[in-house]
Amino acid sequence: MTDPRETSATAFRARFLPAAAVWAVLVAAVLVAVPLVLAGRLPDPLATHWGPSGRPDGSMSFAAFVLFPAVLWVVVAGIGVGVAVRARTLVRRASRAFSCAALAWAGGLLITTQAFTVAANLDRGHWTRAAGMSWQVAVVVAAPIALGALGWLAGRRGPDASPAPPPAEPVIDLSPGKRPVWVSTATAPWASWLTLVALAAAVVIAAVARSGLIRDGWGAVVPLALTGVVGAVLSSVSVRVVPEALTVSVGPLRWPLRRVRLDRVERAWVEERYPAQVGGWGYRGLPGRATIMIRGGECLVVRYTSGGELGITVDDAAAGAALLNALIARQHPSVER
């Protein structure tokens, strides 16, 4: 029998991929074509930043103005489409709505920002004589939000599949003389690609800027390098349970690292969580109720004796929860759970 969740995912993918491809190509074409068509009427460098007074106070070379938004959009669109086409994302209404909203908002923000920047610099001769910004700022904020709302509505169309029930907890052998250890990881391929693309773009832009082909290119290198570092940190998470503590580490270097003594843990369980539910990827929430979101789906959730909670997206979370609960029960055999 065909899983209805897979059928829903296939049907939405058939609609989503062509629409996402058209949107990605359209945004990229606008970001590159508009400034190139109007190159003869734009100064080099262009005004790209306006101060509180509404007057221009920062500039960027024409080449960087064309290159940086296009590279940024390729990274954003690639990650957005890659995340959205996963079956787990497509079968859940909130997750696919979040993906569609993010793509629509990001594309709208880049296009709107570019449109007002080009209009302010058009036929000005020098960037210091660019037109001021006042009401345009409100449009730059409101228009992408409106597009994001439309993307959210488009993504909410279709069925909403219920999450699969969590697997039964395995039996944990805590025989005397044995030292149980549980280690598991979760990886996010999208974050690995983000790291590679961002760092490669930073290297290319740095090389081009050093050669003198573009001016002010160094301003794009640092944000791209930081994006690469963040992507590396978000690429994986590892969880280790031993009788003394629960240890959580992230990234390929397994740092930063967080160690929680077992006497601080009240109990553990398995729960399905998704980026749309917790506000995105990374360390989400506040101390006391947080989620380390590497990929949507199965999470190991631990509750502290202080009342706080920590969720970690990790594979085979049921085994980790079972071992934690067994270790806690062994420490406090008189406590009913």
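Computed from the coordinates by the stated procedures, all read-outs in this text should not be read as laboratory data. Since we're looking at a predicted model, the values are computed, not measured. Neighbour counts are summed over all protein chains in view; Cβ atoms, including those assigned to glycine, are modelled from backbone coordinates with ideal geometry.
Separation of segment 221-263 and segment 310-331 by C-alpha centroid, Å?
That distance is 18 Å.
Quick one: pull the percentage of alpha-carbon pairs in segment 259-319 with a separation above 20 Å.
Beyond 20 Å sits 20 percent of the P(r) for segment 259-319.
Label-point separation (nm) for Val242 and Val222, each offset 7 Å from Cα along Cα-to-Cβ?
4.1
With the Cα gyration tensor of segment 170-280 in hand, convert its eigenvalues to equivalent ellipsoid semi-axes via √(5λ) and list them largest first in whole Å.
42, 14, 11
Counting other Cβ atoms within 10 Å of each Cβ, which GluC sites (Glu not before Pro) in segment 246-337 have at most 16 and sit in a DSSP loop?
In loop regions of segment 246-337 (DSSP not H, G, I, E or B), the sparsely surrounded GluC sites (Glu not before Pro) are Glu336.
Mind listing the phi-derived Karplus ³J(HN,Hα) values for segment 37-54, rounded to whole Hz, using 6.51, -1.76 and 1.60 with θ = phi - 60°, and x for any glycine or proline?
Couplings: 5, 9, 4, x, 10, 10, x, 9, x, 9, 6, 10, 9, 10, x, x, 6, x Hz.
If each residue of separation counts as 0.36 nm, what is the full-extension length gain between Ala119 and Ala94 once their alpha-carbon separation is subtracted?
5.3 nm
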